[in-house]
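Asks: I have a structure I would like to understand better, so I am pasting it below and will then ask my questions one at a time.
Rule-based calculations on the coordinates, nothing more; no lab input. Computed from a prediction, not measured in an experiment: that's the story for all the values here. Heads up, the Cβs are rebuilt from the backbone with ideal geometry, glycines too, and the neighbour counts pull from every protein chain shown.
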Amino acid sequence: NAGVTQTPKFRVLKTGQSMTLLCAQDMNHEYMYWYRQDPGMGLRLIHYSVGEGTTAKGEVPDGYNVSRLKKQNFLLGLESAAPSQTSVYFCASSYLGSQETQYFGPGTRLLVL
Amino acid sequence: RKEVEQDPGPFNVPEGATVAFNCTYSNSASQSFFWYRQDCRKEPKLLMSVYSSGNEDGRFTAQLNRASQYISLLIRDSKLSDSATYLCVVNRGSNYQLIWGAGTKLIIKP
């Protein structure tokens, strides 16, 4: 099993460009999450999904959109990238009713110039 | 004030020593607590849950003090491989959102 995978691993964007980060999990988890991690701060939840076709806002959703058309995939979109979105993005998934035990992907390092 | 606070460290500890660090949380309604471990430039991984009665897993012991609103992690007989950042995580229980501390960096020296 691959667990949770993320693509791309690293990306450089110019301000105003758009991109989509892809997360895939092969553990049949119901819940999926997108976080960002910045120096000196804890992981912050951007958006999450409790099942196929459902998404919800987390702590810092502005400037991001998500979609979960298939249970195994969770996409994070940046419509118009800003330097403040320079960060490391982690995707995670967990079983139904067990959101404390999250399995993370390897992360995507995004630099917005 | 952050809802979950940790000393960022680094804690520089000789191999074989015992090290402990705490994490404080401000929301008294917090229901469950966890320690995750994150190696440099890697993803976080669950280390252990923290129960009201404490929890021990090999060389690692986690304790919860609800009265003073902190959790602790103690590592005995530290190994070089214990070098990592330890993240404190709190579940308020009201939704799917976990609250993450910024982490305590531990460096074990030979």
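Asks: Let me understand the protein assembly as shown better: what is its radius of gyration from the alpha carbons, and its Dmax, in angstrom?
Replies: For the protein assembly as shown, the Cα-based Rg and Dmax read 17.7, 51 Å.
Asks: Enumerate the calculated ³J(HN,Hα) couplings along the range A:99-112 in order (Karplus 6.51 cos²θ - 1.76 cosθ + 1.60, θ = phi - 60°), each rounded to whole Hz, writing x wherever the residue is Gly or Pro.
Replies: Couplings: 6, 6, 9, 9, 10, 9, x, x, x, 10, 8, 10, 10, 10 Hz.
Asks: If you average the sequence gap of Cα pairs under 8 Å that are 6 or more apart and divide by the length of chain B, what percent do you get for the contact order?
Replies: Contact order relative to length: 37 percent.
Asks: Let me ask another. How many Cβ atoms of partner chains, on average, are near each residue of A:41-47 if near means within 10 Å of its Cβ?
Replies: The mean count of partner-chain Cβ atoms within 10 Å per residue comes to 6.
Asks: Taking the beta-carbon count within 10 Å as an exposure proxy, list B:LYS105, B:LYS45 from fewest neighbours to most.
Replies: Ordered from fewest to most neighbouring Cβ atoms within 10 Å, B:LYS105, B:LYS45 come out as B:LYS45, B:LYS105.
Asks: Students often check this: by mean Cβ neighbours within 10 Å, which of B:34-44, B:48-58 ranks highest, and how do the rest follow?
Replies: Top to bottom by mean Cβ count within 10 Å: B:34-44, B:48-58.
Asks: Now for a separate question. Can you run phi through the Karplus equation (6.51, -1.76, 1.60; θ = phi - 60°) for the range A:89-95 and list ³J(HN,Hα) in whole Hz, with x for Gly and Pro?
Replies: My calculation for the range A:89-95 gives 9, 10, 9, 9, 9, 8, 6 Hz in order.
Asks: What does the average come to when, for each residue of peptide A:82-93, you count the partner chain Cβ atoms lying within 10 Å of its Cβ?
Replies: Counting Cβ atoms of other protein chains within 10 Å of each residue's Cβ and averaging gives 1.
Asks: As an exercise, use a Förster radius of 30 Å and the Cβ-Cβ distance of A:LYS57 and A:MET27 to find the FRET efficiency, rounded to the nearest 0.05.
Replies: Efficiency for this residue pair is about 0.80.
Asks: Next question, about the same structure. Under 5 Å between amide hydrogens, which residues at least 5 positions from B:GLY9 or on another chain qualify, with H placed 1.01 Å from N in the peptide plane?
Replies: For B:GLY9, whose amide H was placed from the backbone, the distant partners under 5 Å are B:LYS105.
Asks: Between B:SER52 and B:ASP7, what FRET efficiency follows from the Cβ-Cβ distance if R0 is 25 Å, with the result rounded to 0.05?
Replies: With R0 = 25 Å, the Cβ-Cβ based efficiency is 0.60.
Asks: Counting only other chains, what is the mean number of Cβ atoms within 10 angstrom of the Cβ of each residue in peptide A:3-11?
Replies: So the per-residue partner count for this stretch is 0.
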